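Structure record follows, encoded as structure tokens.
Computed from the coordinates by the stated procedures, all read-outs in this text should not be read as laboratory data. Everything quoted here is computed from the prediction, not taken from an experiment. Neighbour counts run over all protein chains shown; Cβ positions are idealised from the backbone, glycine included.
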Amino acid sequence: MNANTDTTLNNLIEIASQFKTSGKVIKVEEFGSGNINGTFIVTLDSVEEKHFILQSINQNVFHKPELVMRNISTFTNHVRQRLQDSPVTSNRRWEVPKVLLTQNNQDHFIDSENSFWRAINFIDRAQTFDTITDNKHAGEVGYALGMFHNLISDLPVEKLADTLPGFHVTPIYLKQYENVLMQNNASAKSPEVEYCLKFINKRKSSASVLENAQMQERLRLRPIHGDPKVNNVMIDTLNGQAISIIDLDTVKPGLVHYDVGDCLRSGCNPLGEETEDWQTVVFNTDICESLLGGYLSVAKHFLTESDYIYMYDAIRLIAFELGLRFFTDYLAGNVYFKVKYPKHNLARALVQFKLTESIEMQESAIRKMISTFSNRN
């Protein structure tokens, strides 16, 4: 280990030690596969509490991280009260992530370089997956999102700050793309770039479908998770049941359709969003049926007829939107998402566009599935 690595490790141990725990920090290691924040697992010399999660919030993305923490506090307090008043059935476990306080009782720590750090308890006997393993897993992922939405369905959106204005509002991303495109003067374009350019141009007229529905009061703002990907759903290692949704930075007011679309976009692509074999990416309707079934088994209590009407649009649009965001970031020089190589965001965009294409080809089957669930519920 070189001197710089030693220094970084010592800094991380010092930062982790700023939080109240039941033991001494003995090790800090990188953890997870997130694209935005720096995430680490901290090991303690304690029997009762062996680990916790340490994160540096990306202030280029979250300009007011203190509001992120306030939203998390509002969410967790509300959910704990809901669970206390009406516990989950006895044969199920549901965990609410807990924010650890610093030695001086703050919910975050700011280091000498002005980085914003927070600590979250580590949920034991649980794991996450980057892709759906089988239909049972799909149903549990759907159940987790349904439970999440159900637990906060009565939380007034006015109590949550909008920490990411424009997040999941596709017309805004389209405008950003067009601005970047005007500044990008590269004359030689690869076949992959040409594919993306044509793909976006063909679909940009449908970018406002959800926002138009909201303006027409067919859809309304509710509290949402904002990033309910498969790998943010925690699964009990003993019984395979979903027990929590983590990564609460994007909890904010929004349309539940953003969450439903993102969860299905993430879950119904068996190859995952990091696959290099983008041309074989497909949207798996069997997984979709299991995931939607799990979601609607809980969500049916608060969804309206209009919510069902726009569900297909959400599934298609959020896949397209993420591809658009990846491609825009590639053109802009990889300034938003963390990348491992220069064309990483281009590769990610291709995966999402191919997924969008597959969704469009199966529109009739997906709409029929949603209609069947709607009538059943």
| request: Name the residue farthest towards the positive end of the dipole of the chain from the options LEU67, CYS268, TYR308, assuming +1 on Cβ of Lys and Arg, -1 on Cβ of Asp and Glu, about the Cα centre. | output: TYR308
| Potential lengthening between ASN10 and PHE129 on full extension [0.36 nm per residue; Cα-Cα distance subtracted] | 39.8 nm
| field | Theoretical ellipticity at 222 nm over the chain - DSSP helices of four or more residues, -39500 (n - 2.57) apiece, nearest 500 | value | -15000 deg cm²/dmol
| Mind ordering 256-266, 155-165 by average Cβ neighbours within 10 Å, highest first? | 256-266, 155-165
| field | Point-to-point label distance, LYS198-SER306, nm (Cα→Cβ direction, 7 Å offset) | value | 3.8 nm
| Once you sort the root eigenvalues of the Cα gyration tensor of the stretch 247-345 as a ≥ b ≥ c, which label holds: rounded (a/c under 1.5), prolate (a/b larger than b/c) or oblate (the other case)? | prolate
| query | Roughly how many Å is it from the Cα centre of the stretch 140-212 to that of the stretch 330-344, as a whole number? | reply | 17 Å
| query | Among VAL233, VAL193, ASN345, whose Cα lies farthest out toward the positive end of the dipole of the stretch 135-376, if unit charges sit on the beta carbon of Lys, Arg (+1) and Asp, Glu (-1)? | reply | VAL193
| field | Members of LYS175/LYS252; LYS64/LYS198; LYS159/LYS229 lying beyond 27 Å, as alpha-carbon distances in this model show | value | LYS64/LYS198
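Set the Förster distance to 51 Å, then compute FRET efficiency between GLU363 and LYS24 from the Cβ-Cβ distance, nearest 0.05. Mind dumping the intermediate values first?
Numbers: r = 57 Å, r/R0 = 1.11.
E(calc), rounded to 0.05, equals 0.35.
Given Cα pairs under 8 Å that are at least 6 residues apart, what percent is the relative contact order of the stretch 147-287?
Working: 129 pairs, mean separation 36.1, N = 141.
Relative contact order, the stretch 147-287: 26 percent.
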| task | Please say if the stretch 120-244 is rounded, prolate or oblate, where rounded means a/c under 1.5 for a ≥ b ≥ c the square roots of the C-alpha gyration tensor eigenvalues, and otherwise the choice is prolate for a/b larger than b/c and oblate otherwise? | result | oblate
| Spatial separation of Cα centroids for the stretch 29-68 and the stretch 254-311, in angstrom | 27 Å
| note | For 98-107, 307-316, ranked highest to lowest by mean beta-carbon neighbours within 10 Å, the order is 307-316, 98-107
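For a protection proxy built on the mean count of beta-carbon atoms within 10 angstrom, sort 244-253, 61-70 highest first, please.
Details: 244-253: 23.1, 61-70: 17.8.
Highest to lowest by the protection proxy: 244-253, 61-70.
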| With the Cα gyration tensor of the chain giving a ≥ b ≥ c as the square roots of its eigenvalues, does the rule (a/c under 1.5 for rounded; else a/b larger than b/c for prolate; else oblate) give rounded, prolate or oblate? | oblate
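Report, in debye and to the nearest 20, how large the dipole of the stretch 135-376 comes out about its Cα centre when Lys and Arg carry +1 and Asp and Glu carry -1 on their Cβ.
Roughly 380 debye, rounded to the nearest 20.
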| note | For the chain the mean separation of alpha carbon contacts under 8 Å (6+ apart) over residue count, i.e. relative contact order in percent, is 18 percent
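Expected output is a single nm value to one decimal: the length gained when fully extending between THR39 and ILE172, i.e. 0.36 nm times separation in residues minus the C-alpha distance. What is it?
Working: separation 133, 0.36 × 133 = 47.88 nm, distance 2.84 nm.
The THR39-ILE172 span can extend by a further 45.0 nm.
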